[in-house]
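Working notes, structure below.
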Amino acid sequence: MGDTVVPVATKRGRGRKVLKDKTPSTNEANIIAGKVSESSVTPISPSSKQDSKKEQSFEKELLQMQEMLQQMRLDKEKTEELLKAKDEALKQKDEELENRGREQEKLQVELKKLQKLKEFKPTMNLPVMKDNETKKDKKKKAGGSEKKRPSPPYILWMKDQWNEIKKTNPEAEFKETSNMLGAKWKTVSAEEKKPYEEKYHAEKEAYLQVIAKEKRESEAMRLFEEEQKQRTAMELLEQYMQFKQEAEKEIKKNKKEKDPLKPKHPMSAYFLFTNDRRAALLAENKNFLEVPKITAEEWKNMTEEQRRPYEEMAKKNKEKYALEMEAYKQKKDEEAAHLMKEEEEHMKLQKQEALQLLKKKEKTDNIIKKTKQNRQKKKQNKEDKNSDPNRPKRPPSSFILFSKEARKTLQDERSGINTSTLNALVSLKWKELSEEDRQFWNSQASDAMEAYKKEMEEYNKSLSAKAE
């Protein structure tokens with residue numbers, strides 16, 4: 001068989017360059033083919049063995065290259081998939097950004113609409129919350145008192161004895177003097193301690209009374225505020241709904257209304273002169289822009305005698321304006337004082353209502369505590385009902401007699417008044433009564449009490465007679 005020798009590309013070394021094998025021409029190929037056919041009968045030379053080894057190594061390299069190509073194709077497919085996933089994520093982000101942009105545009109349109117609307121101003125007086133509160137205010141809210149605690153009898157005695165010990169021991173320090181006083185206090189008899197203890201107990205009672213009063217008032221105000229919050233919330237809601245309906249109709253802002261009663265500021269001498277000259281200059285067919293220039297030049301060239309009538313007129317107007325402003329300010333101050341007075345009265349009423357709320361709460365607490373006693377009393381009440389109906393009734397007190405009359409007058413003056421406010425007004429009027437007026441109601445109550453006592457005596461006599 002005639003095997004053709006294929007030239008194999010050898011590997012290049014690092015140092016030397018390998019010469020390229022020339023491709024044989026057609027004549028040379030025929031000669032080589034003839035030589036090979038001749039040598040085919042002859043045994044295989046060592047050079048042909050080397051060629052076969054080279055072919056095997058070349059095939060191995062080809063296989064490796066094919067595997068590498070296949071691996072690269074797989075990597076390429078993976079990268080393409082990752083790129084697709086990234087593109088999808090970017091598209092989603094773009095869509096989200098577009099949606100956000102649309103939402104922001106909508107919000108801006110709504111904000112512009114809201115800016116055109118009027119400002120909501122409730123008609124009621126809302127409680128003002130102060131951020132910067134002092135320690136005293138916080139103590140008051142917590143139920144503390146501004147009044148100092150009473151000092152114990154030892155400290156009262158120590159204040160009296162301090163100067164005497166300082167005279168005897170002027171070089172003694174604070175700690176030494178306090179130790180000396182402590183040792184001396186132990187030797188003091190009970191009779192000597194008695195005035196200090198009495199003073200301490202008196203101060204303590206007064207302090208406890210003040211604290212109890214303040215705690216009671218703070219608790220009452222807290223209850224009142226809770227109830228008032230509920231009322232204000234409902235009123236605010238109603239007012240806001242009305243405001244919203246009106247504000248949607250009105251888009252333009254209303255300008256701030258000036259006080260029509262406030263006197264106008266007087267004109268200066270120069271403006272009085274320009275008012276006189278303007279009509280004449282306009283009659284001469286002068287332009288509106290030219291008029292102020294002409295009047296300014298004329299005013300500059302005028303003498304003092306020519307200016308005097310305008311200056312006198314301006315001076316009179318100024319004096320008149322000052323008087324009017326004084327009267328206006330006085331009126332405003334009176335209105336402010338009247339408002340302050342109304343606010344104080346309103347606060348008094350609120351306090352009274354708050355105290356009444358507290359009383360209601362205390363009553364409910366007492367009812368809960370006395371449930372067992374009430375059950376026992378029910379039996380007694382049934383027995384009392386079955387007892388004598390001729391027993392005289394106990395007369396009302398002076399306050400109840402006064403409240404009956406005051407309620408009638410207040411209901412006539414203020415129709416549809418709330419019961420809590422009515423009770424508060426009645427109690428306020430009772431406190432503000434003079435001694436003479438209060439004496440009148442006290443005398444009526446005392447007369448009724450004397451009559452009741454006489455009736456009770458007669459009733460008791462009749463009972464004893466029946467029993468005999």
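The values are calculated or read from the model by the stated rules, or taken from the named source; none is laboratory data. If you're wondering where the values come from, they're calculated on a predicted model, not measured in any experiment. Note: ideal-geometry Cβ built from the backbone for every residue, glycine included; neighbour counts use all protein chains shown. Heavy atoms of the whole protein, side chains included, go into the accessibility calculation; ligands, DNA and RNA do not. Shrake-Rupley method; radii C 1.70, N 1.55, O 1.52, S 1.80 Å.
Which of rounded, prolate, oblate describes the range 178-284, given a ≥ b ≥ c as roots of the alpha-carbon gyration tensor eigenvalues and a/c under 1.5 marking rounded, otherwise prolate only if a/b is larger than b/c?
It is oblate, given that a/c is not under 1.5 and a/b is not larger than b/c.
Would you mind getting the accessible area per residue of the range 148-246, heavy atoms of the protein chains only, 1.4 Å probe, in Å²?
About 77 Å² of surface per residue is accessible.
With a cap of 11 neighbouring Cβ atoms within 10 Å, and only residues DSSP puts in a loop, list the chymotrypsin sites (Phe, Trp or Tyr not before Pro) found in the range 248-352.
288
Hey, can you find the accessible area per residue of the range 390-434 for me, probe 1.4 Å, expressed in square angstrom?
68 Å²
Please state the shape class of the range 234-335: rounded when a/c is under 1.5, otherwise prolate if a/b exceeds b/c and oblate if not, all from the C-alpha gyration tensor.
Oblate shape, in that a/c is at least 1.5 and b/c is the bigger or equal ratio.
In whole Hz and in residue order, list the ³J(HN,Hα) couplings for the range 54-71 that follow from phi through the Karplus curve 6.51 cos²θ - 1.76 cosθ + 1.60, θ = phi - 60°; x for Gly and Pro.
For the range 54-71, the Karplus-derived couplings read 5, 4, 4, 5, 5, 4, 4, 4, 4, 4, 4, 5, 5, 4, 4, 5, 4, 4 Hz, x marking Gly and Pro.
How much net charge surrounds residue 337 when only other residues with a Cβ under 15 Å from its Cβ are counted (Lys, Arg +1; Asp, Glu -1)?
So the surrounding residues net to -3.
Output wanted: per-residue J couplings in Hz (rounded whole) for the range 310-320, from phi through Karplus 6.51 cos²θ - 1.76 cosθ + 1.60, θ = phi - 60°, x for Gly and Pro.
Each residue's phi maps through the Karplus curve to give 5, 5, 5, 4, 5, 5, 4, 4, 5, 5, 4 Hz.
Quick check: from the Cα gyration tensor, does the range 292-428 come out rounded (a/c under 1.5), prolate or oblate? The partial results should precede the final answer.
Details: a/c = 7.58, a/b = 4.34, b/c = 1.75.
Since a/c reaches 1.5 and a/b is larger than b/c, the shape of the range 292-428 is classed as prolate.
For the range 299-341, what does the accessible surface come to per residue with a 1.4 Å probe? Please give it in Å².
It amounts to 91 Å² per residue over the range 299-341.
Each residue of the range 443-459 in order: what ³J(HN,Hα) in whole Hz does its phi give by Karplus 6.51 cos²θ - 1.76 cosθ + 1.60, θ = phi - 60°, with x for Gly and Pro?
Each residue of the range 443-459 in turn: 5, 5, 5, 5, 4, 5, 5, 5, 4, 5, 5, 5, 4, 5, 4, 5, 5 Hz.
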